[in-house]
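The values are calculated or read from the model by the stated rules, or taken from the named source; none is laboratory data. Bear in mind the structure is a predicted one, so any value in this text is a computation, not a measurement. Counting neighbours? That spans all protein chains shown, and the Cβs are built from the backbone with ideal geometry, glycine included. Calculation scope for accessible area: heavy atoms of the full protein, side chains included, ligands and nucleic acids excluded. Shrake-Rupley method; radii C 1.70, N 1.55, O 1.52, S 1.80 Å.
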Amino acid sequence: MLNSFKEAKQNPNLIKLSDLLKLVPLSRTGIYDRLNPKSRYYDSTFPRPIKLGERTNRWVREEVEEWLEALKAQRFDSRTKGAKNEC
């Protein structure tokens, strides 16, 4: 468990927006659109940030990586289903 705000900010498993932008092929706006239920780009599966302060958000690296893996798997599944239907 994290004992302080400082520890939480320095935890390598918690990544800031600039690091998230390096992992996820989206812009800053694209990320916040995925988090906004009123946006047409809303994605309920997109990892939610952890609020560490009024203006400090962090994402759990593992959740982001799992989300990306799920997208890859979904893409693979749709390709194999299409190939099976063509036979």
- prompt: Only one of these conditions is not met by TRP67: (1) surrounded by 14 or more Cβ atoms within 10 Å (Cβ to Cβ); (2) in contact with a Pro (Cβ under 9 Å, 6 or more places away or on another chain); (3) more than 15 Å from VAL24 (Cα to Cα). Which number is it?
  reply: (3)
field: Selection from the stretch 14-27 of residues that are open to solvent by 90 Å² or more (accessible area, probe 1.4 Å), closer than 21 Å to LYS72 by Cβ and either polar (S, T, N, Q) or part of a loop (DSSP other than H, G, I, E, B) (or both)
entry: PRO25
- line: Here the qualifying pairs (Cβ atoms under 6 Å; residues six or more apart or on different chains; first in the stretch 10-34 and under 11 Å from VAL64 (Cβ atoms) and without any contact (Cβ under 8 Å) to a residue 60 or more places away in the chain; second surrounded by 11 or more Cβ atoms within 10 Å (Cβ to Cβ) and not polar (S, T, N, Q)) come out as ASN13/ARG61; LEU14/ARG58; ILE15/TRP59; ILE15/ARG61; LEU20/TRP59; LEU23/VAL64
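A quick yes/no check of all residues on (1) modelled with pLDDT under 95; (2) open to solvent by less than 80 Å² (accessible area, probe 1.4 Å); (3) within 12 Å of LEU14 (Cα to Cα):
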| position | (1), (2), (3) |
| --- | --- |
| THR29 | no, no, no |
| LEU35 | no, yes, no |
| LYS38 | no, no, no |
| TYR41 | no, no, no |
| SER44 | no, no, no |
| GLY53 | yes, yes, no |
| THR56 | yes, yes, yes |
| VAL60 | no, yes, yes |
| LYS72 | yes, no, no |
field: Any chance TYR32 is of a type in the set (Phe, Trp, Tyr) and part of a loop (DSSP other than H, G, I, E, B)
entry: no
